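Below are the structure tokens for one structure; questions will follow.
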Amino acid sequence: MAHKFRLFNSHWHLPKSKPMRIGLGTMLVGGGLLGFLPVLGFWMIPLGFLVLSVDLPAVRRWRRQATVWWHRWKERADARGADQANGPKT
């Protein structure tokens with residue numbers, strides 16, 4: 001089975017080898033910690049954790065908790081926006 005993850009509306013395929021996925025994720029997180037340097041950026045940290053979440057249960061748990069938090073926050077924001085769009089009730 002090919003491992004892949006979905007980021008926004010696109011699917012990304014990962015290496016088939018578990019050690020390569022863990023190495024790639026570790027390198028992305030490590031490179032992200034050096035994000036103050038040119039070319040490297042802090043955007044690499046969440047991407048590295050996303051790659052690591054395929055193989056590491058602890059990271060997978062954090063990713064799922066973050067996803068649930070994001071969707072709940074988004075629903076509350078959408079509800080607030082709908083309330084403001086309706087205006088004050090008289």
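Look at HIS11 and say whether it is in contact (Cβ under 8 Å) with a residue 40 or more places away in the chain and more than 11 Å from the chain's Cα centre (by Cα).
The answer is no for HIS11.
Among the numbered conditions (1) of a type outside the set (Phe, Trp, Tyr); (2) under 21 Å from TRP12 (Cα atoms); (3) outside any helix (DSSP H, G or I), tell me where GLY35 comes up short.
Going through the list (1) of a type outside the set (Phe, Trp, Tyr); (2) under 21 Å from TRP12 (Cα atoms); (3) outside any helix (DSSP H, G or I), GLY35 breaks only (2).
What are the residues in the stretch 1-18 that are hydrophobic (A, V, I, L, M, F, W, C) and in a strand (DSSP E or B), if any?
Passing the criteria: PHE5, LEU7, TRP12.
Follow-up. Can you name the residue in the stretch 55-85 that is among the aliphatic types (A, V, I, L, M) and loosely packed, with under 11 Cβ neighbours inside 10 Å and is also modelled with the lowest pLDDT among such residues?
Initial filter on the stretch 55-85 (among the aliphatic types (A, V, I, L, M)): 56, 58-59, 66, 68, 77, 79, 82, 85.
Pick out the ones that are also loosely packed, with under 11 Cβ neighbours inside 10 Å and you get 58, 68, 77, 79, 82, 85.
On the way: ALA58: 88, VAL68: 94, ALA77: 88, ALA79: 87, ALA82: 75, ALA85: 71.
Per the criteria, the residue is ALA85.
Listed here are the residues, each with its yes/no results for (1) in contact with a Phe, Trp or Tyr (Cβ under 9 Å, 6 or more places away or on another chain); (2) at pLDDT 80 or above; (3) on the phi < 0 side of the Ramachandran plot; (4) not basic (Lys, Arg).
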{"site": "ALA2", "(1), (2), (3), (4)": "no, no, yes, yes"}
{"site": "ARG6", "(1), (2), (3), (4)": "yes, no, yes, no"}
{"site": "PRO15", "(1), (2), (3), (4)": "no, yes, yes, yes"}
{"site": "GLY25", "(1), (2), (3), (4)": "yes, yes, yes, yes"}
{"site": "GLY32", "(1), (2), (3), (4)": "yes, yes, yes, yes"}
{"site": "GLY41", "(1), (2), (3), (4)": "no, yes, yes, yes"}
{"site": "GLY48", "(1), (2), (3), (4)": "no, yes, yes, yes"}
{"site": "SER53", "(1), (2), (3), (4)": "yes, yes, yes, yes"}
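Residues of the stretch 54-83 being outside any helix (DSSP H, G or I) and free of Cβ contacts under 8 Å to residues at least 40 places away in the same chain, which ones?
Our first condition is that a residue be outside any helix (DSSP H, G or I); within the stretch 54-83, this holds for 54-56.
Within the stretch 54-83, ASP55, LEU56 qualify.
Output the residues belonging to the stretch 24-40 that are closer than 20 Å to ASP55 by Cα and either touching a Ser or Thr at 6+ places or on another chain (Cβ under 9 Å) or aliphatic (A, V, I, L, M) (or both).
LEU24, GLY25, MET27, LEU28, VAL29
Now a separate question. Of the numbered conditions (1) exposed (fewer than 15 other Cβ atoms within 10 Å of the Cβ); (2) of a type in the set (D, E, K, R); (3) in a helix (DSSP H, G or I), ARG21 fails exactly one; give the number of that condition.
ARG21 satisfies all of (1) exposed (fewer than 15 other Cβ atoms within 10 Å of the Cβ); (2) of a type in the set (D, E, K, R); (3) in a helix (DSSP H, G or I) except (1).
The values are calculated or read from the model by the stated rules, or taken from the named source; none is laboratory data. This structure is a prediction, so every number in the text was calculated from the model and none was measured. Cβ: placed from backbone, ideal geometry, glycine included. Neighbour counts: every protein chain shown.
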